[in-house]
1. Determine the order of T439, T172 by accessible area, beginning with the largest, at a probe radius of 1.4 Å.
2. Would you work out the relative contact order for region 165-225, in percent, from Cα pairs under 8 angstrom that are 6 or more residues apart?
3. Would you mind pulling out the separation of the Cα centroids of region 135-162 and region 52-82, in Å?
4. Longer than 18 Å from Cα to Cα, which of K232/K283; K60/K210; K210/K286 are they? Say none if no pair is.
5. What is the set of long-range amide H partners of G424 at a cut-off below 5 Å, with H atoms built 1.01 Å from backbone N?
6. Distances longer than 20 Å among the Cα atoms of region 1-106: what percent of all pairs is that?
7. In terms of solvent-accessible area of protein heavy atoms at a 1.4 angstrom probe, what is the ranking of D179, D315, highest value first?
8. Run the 1.4 Å probe and let me know the accessible area of V230, rounded to the nearest 10 Å².
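The values are calculated or read from the model by the stated rules, or taken from the named source; none is laboratory data. The structure displayed is predicted, hence computed values, not measured ones. Cβ placement follows ideal geometry from the backbone for every residue including glycine, while neighbour counts extend to all protein chains displayed. All accessible areas refer to the heavy atoms of the entire protein, side chains included, with ligands and DNA or RNA removed. Shrake-Rupley method; radii C 1.70, N 1.55, O 1.52, S 1.80 Å.
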Amino acid sequence: MSKFPQNFLWGGATASAQFEGGYAEGHRGKSQLDYIDYIDPIHRNNAHSTDLLTYERFIKNKEQEDSKNFPNRRGSDFYHRYKEDIALLAEMGFKVFRMSISWARIYPTGYEERPNEEGLAFYHQVFQELHKYGIEPLVTIIHYENPVTLTEDLNGWENPKMIDLFVKYAKTVIDEYKDEVTYWLGFNEINACLDNPYVSAGMFVEKSDKNYLSCCHQALHHQFIAQALVTKYLHETAPNCKMGAMIARLECYAQTCDPADEYQTLIEDQINCSFLDIMCRGKYPKTLLNYFRQNEVDIQMVNDYEKILQEGVVDFISISYYMSYVISSKPGQKENPGNLMKTLVNPYLKQSAWGWAIDPLGLRITLNRLYDKYQLPIFIVENGLGARDQLIQNTVNDDYRIDYMREHIKAIAGAIEDGVDVMGYTSWGCIDLVSASMTEMSKRYGFIYVDADDYGKGTYNRYKKASFYWYQHVIATNGEEL
Ligand code: BG6
């Protein structure tokens, strides 16, 4: 007997900046992610290429716009191949497809009075194609991607002017697509701002007068307000639609049972959950306000922020889950440089080729924790294994990916048995796309291989991997046969 409910939403996830391509077509403007250049791994010294994008480098990239390699601009060419891609997803039996809308395709600079009709038409065509096969779109209104003009003029989300500009854009897409899209997410991984302000908030902290934490929490405050205003608008104008909060879930373990380690872990968890507290309960938790006081975080709250947050609480929680973290109260422990947040190495876990700790049971733990705390349905909108795949005789034998996913799906089944209300599962990068942290094609997540390399060489043809057939069977048996 399947542990998964009959209406469980099986599918996969993408983001426009990393997948769509067609950056210069249909009167699209450019986003700040279009200016992250590819850096050869030998010059990266294990760092994420996005971490290396300083303001100085950004200016150089703008000057050398025509000669540098910007993989996000190409994505995986979904713009031209969406029909073929959606047919492949349908063949796998997808019930849902997570994608995002490119803000710069709708409002090229962010300032226009009227939206770009060609951009609006493109997403209508995509949604129509999905519905042709009975696939439900799950739309992220902003997956890291801001018009670059707003980075240049306003330093992105540090500036409160971003709120109105974003709300204008979000209302446009809600009005336009509310009959075609039921499930919406506001900001992708809203907490990512703390780790990568350029990617997540389109801003350079070095250009701000504020210290690092204040600058990030200021931007986050503006994003929370925007998320709440848009959620309220969706509820008022499209009562059948649902809005989700989206965070990168950082499940943390204490390094030892020393209460000091436990306490530090509790604090980390409170910070991670504070993002959900604000979006699900409509207020800043005391723990976060204490943290602000203790860490000299100084931000200006917008007028009526308490009312705005209260009136715009979400309908469900969504998370990305790739790894878990180890926390110690003692400084100077050996760090795991691979994990997205640089915490300690967990000796009980294997790591991916990029050093991400693989922890399926952690997913079951996290689903239980979040459900105990919020009692809201949870959608796992990102999970998967980034790997270096090899195309041999038109396919990839990615048993490693199947193993990873099997164990994570078992963990979800376990959480459902535990009583957690899980709405669906969209594995990350179901068709290979550009890595967000590495800005390269070499780190692949898909069931479908895209024949393109880090330099954009290749046919961009699609090939089914072994995991394609495996996932097709998982969906067909509603998760009973893994
Ligand atoms: C999530 C992001 O953090 O992780 C995605 O929402 C990203 O945009 C994914 O692609 C995987 O990370 P990476 O760096 O391996 O692409």
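1. On the way: T439 0, T172 20 Å².
Solvent-accessible surface, decreasing: T172, T439.
2. Relative contact order comes out at 26 percent.
3. If you average the Cα positions of each part, the centres end up 17 Å apart.
4. On the way: K232/K283 15 Å; K60/K210 24 Å; K210/K286 22 Å.
Over 18 Å apart, Cα to Cα: K60/K210; K210/K286.
5. L9, I380
6. Details: 2952 of 5565 pairs.
Tail of the P(r) past 20 Å holds 53 percent of the pairs.
7. Sorted by accessible area, descending: D179, D315.
8. Rounded to the nearest 10, that gives 10 Å².
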